[in-house]
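Report on one structure; see the data block that follows.
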Amino acid sequence: MLYIIGLGLGDEKDITLRGLEAVKKSQKVYMEAYTSLLSFGLSASGLSNLENFYGKQIILADREMVEEKAGDMIEEAIDNDIAFLVVGDPFGATTHSDLVVRAKTLGVKVEVVHNASVMNAVGICGLQLYHYGETVSIPFFTETWRPDSFYEKIKKNRSLGLHTLCLLDIRVKEPTFESLCRGGNKQYEPPRYMTVNTAIEQLLEVEQKHGESVYGEDTECVGFARLGSEDQKIVAGTMKQLESVDFGAPLHCLVIVGKTHPVEEEMLEFYKY
């Protein structure tokens, strides 16, 4: 059996009982380590917290391993119970759908254990989940690469009065440009996590470029940091206001507010800038 287990958003104790049972009976336990991070995963002691709590050694599965060597893990699951741990919910990232397809194609049984993810945890600010449109990703801009395909999606959401969840870029174990050019041993960039402030700066740059008044400095937004953790931070305000807020450590995300219901507004008041 291949178990794909959501860990939730907080710490090692957010795993479900069903997930914990599956981990304990698995012969090998892998943990996906690139689409997101648990709050404790940002510290050097993060993994040992997991291993101590679950009573298992955990093998970190980075992007390369999951995308290039997933077949090995799936083959192990033909004769063994293998657990693959995912921060949040297993289907928060498309990579995991691919894993399920590949496993089922090889006749490997798959069991998915769901958990909380950013997609539903943002509901804490009071904006109703069924009032959200398409979710967008905001990638880090570089000097030569400034993609803005998210602009049209935000425009469509706002034309319908819907809120937009913006997932912010995480750059973990990204090969340096120089090492890619040289070939041979890869060297990696230091990890980077986009802040709410950088996201707003980039969003405003794209608005200035397109000039269609989809949003602007006065557009109401909600900034989130470390959702699901004890020290989570949630601030509602205009883009201009949130740009100056220190949200602290990662991970961050941003919601661009659409048309609001009075009940939503009442809840948002608790988080006002």
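The values are calculated or read from the model by the stated rules, or taken from the named source; none is laboratory data. What you see is a predicted model; the values in this text were computed from it and never measured. Methodologically, a virtual Cβ is constructed for each residue, glycine included, from the backbone with ideal geometry; neighbour enumeration extends over all protein chains shown. The protein model used for the area step is the full one, side chains on, heavy atoms only, and it has no ligands, DNA or RNA in it. Shrake-Rupley method; radii C 1.70, N 1.55, O 1.52, S 1.80 Å.
Of note:
- Using C-alpha pairs under 8 Å with a sequence gap of at least 6, the mean separation divided by the residue count of the chain gives a relative contact order of 20 percent.
- Part-to-part distance (alpha-carbon centres) for region 132-163 and region 197-215, which is given in Å: 10 Å
- Exposed loop sites, defined as GluC sites (Glu not before Pro) outside DSSP H, G, I, E and B with at most 14 other Cβ atoms within 10 Å, are absent from the longest region of the chain, namely 1-133.
- Cα centroid separation - region 71-111 against region 12-30, whole Å: 14 Å
- Student exercise, region 69-215 dipole from Lys, Arg, Asp, Glu Cβ charges, in Debye to nearest 20: 220 debye
- Of the trypsin sites (Lys or Arg not before Pro) in region 182-211, the ones in a loop by DSSP (not H, G, I, E or B) with at most 13 other beta carbons within 10 Å are Lys186.
- Net charge, Glu134 excluded, C-beta distance under 12 Å - Lys, Arg +1, Asp, Glu -1: +3
- Largest-first principal axis extents, alpha carbons of region 71-146, Å: 45, 38, 18
- Whole-percent pair-distance distribution, where bins are 5 Å wide, for the alpha carbons of region 66-109: 5, 22, 33, 26, 12, 1
- Option label - log10 I(q)/I(0) by the Debye sum over Cα atoms at q = 0.07, 0.11, 0.17 Å⁻¹ computed here, alternatives (1) -0.28, -0.69, -1.33; (2) -0.22, -0.56, -1.58; (3) -0.43, -0.77, -1.44: (1)
- Potential lengthening of the chain between Val263 and His210 amounts to 15.7 nm, from the contour at 0.36 nm per residue minus the alpha-carbon distance.
- Full extension of the chain between Leu160 and Arg192 yields a length gain of 8.2 nm, computed as 0.36 nm times the residue separation minus the alpha carbon distance.
- Potential lengthening of the chain between Ser244 and Lys104 amounts to 45.6 nm, from the contour at 0.36 nm per residue minus the alpha-carbon distance.
- Within the full protein context, the accessible area of Met119 is estimated at about 90 Å² for a probe radius of 1.4 Å.
- Structure-based [θ]222 nm, the chain - -39500 (n - 2.57) summed over DSSP H runs of at least 4, per residue, nearest 500: -9500 deg cm²/dmol
- Neighbourhood net charge (14 Å Cβ-Cβ; Lys/Arg +1, Asp/Glu -1) for His96: -2
- With every protein chain in place and a 1.4 angstrom probe, the accessible-area ranking of Thr105, Thr195, largest first, reads Thr105, Thr195.
- With every protein chain in place, the chain: carbon and sulfur % of accessible area (1.4 Å): 51 percent
- Chymotrypsin sites (Phe, Trp or Tyr not before Pro) within region 120-199, DSSP loop, no more than 12 other Cβ atoms inside 10 Å: Trp145
- Solvent exposure of the chain amounts to 51 Å² per residue of accessible area, where only protein heavy atoms count and the probe is 1.4 Å.
- Cβ-based charge dipole, the chain, positive-most Cα from Ala33, Thr195, Met239: Ala33
- Each principal axis of the Cα atoms in region 104-191 has its own extent, and those three values, largest first, are 49, 44, 25 angstrom.
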